[in-house]
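One structure is given below, encoded as structure tokens.
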Amino acid sequence: MSESGRRVLFVVLFAVVFFQTGAHVSQSFVNYPAWYLIGRASFPAYHRVMTAGALRFLLVPRLVELALAMVVLLFPPRPVRRPLVGLAIGLSLGGLISTVLIQRPIHVQLETIGNTPELLSRLRITDWIRQVLELLRAALYLWMAWLVVNARRDAATNAGATP
């Protein structure tokens, strides 16, 4: 794959990562706090609708991200080292594992019995595991993007062109 193709692939991955990160941040810091205001009896129906949206805007982009990241792992742009991409994949998988093993069971209880203060508190506390991994992953991708942009600017400067 050409260097130009590698860079385009990385930019697409970068966009998916930040779309997905934004969706998670919105869920955690906008939606979850408002759940305390929804009545316990009506919450399961609300949660079922919300879960369908979460699958489309949280899970699907995560799977696309992981697929793209595996390709970038094989074909990284020149300034990005494979261990950095591998670490980003590990952080992404850590967030996914936290979702499946910790947060998803709480969501199942919320959908079954409704939003109790105890369940909502447990969800928000354990969500920090996922958020720390998400934010570290986003910072890592931001750094890798900086490496790509900076390397391109340095190459232009060394070639006598203006960046």
Cβ-based net charge around residue 18, under 14 Å, with every Lys or Arg adding one and every Asp or Glu removing one: 0
For 24, 47, which order do you get if you count the other beta carbons within 10 Å of each Cβ and list the fewest first? 47, 24
Might you report the magnitude of the Cβ-based charge dipole of the chain about its Cα centre, with Lys and Arg at +1 and Asp and Glu at -1, to the nearest 20 debye? 220 debye
What order do you get for 21, 126 when you list them from fewest to most C-beta neighbours inside 10 Å? 126, 21
Within the chain, longest stretch clear of exposed trypsin sites (Lys or Arg not before Pro) (DSSP loop, no more than 14 other Cβ within 10 Å): 82-163
So what is the orientation-averaged projected area of the chain, using the convex hull of its C-alpha atoms, in nm²? 10.2 nm²
When the Cα centres of the stretch 1-27 and the stretch 57-93 are compared, how far apart do they sit, in Å? 9 Å
Residue order, fewest to most beta carbons within 10 Å, for 89, 113: 113, 89
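Read the figures in this text as sums done on the coordinates, not as results from a lab. This is a predicted model, so every value here is computed, not measured. All Cβ positions, glycine included, derive from the backbone under ideal geometry; neighbour counts span all protein chains shown.
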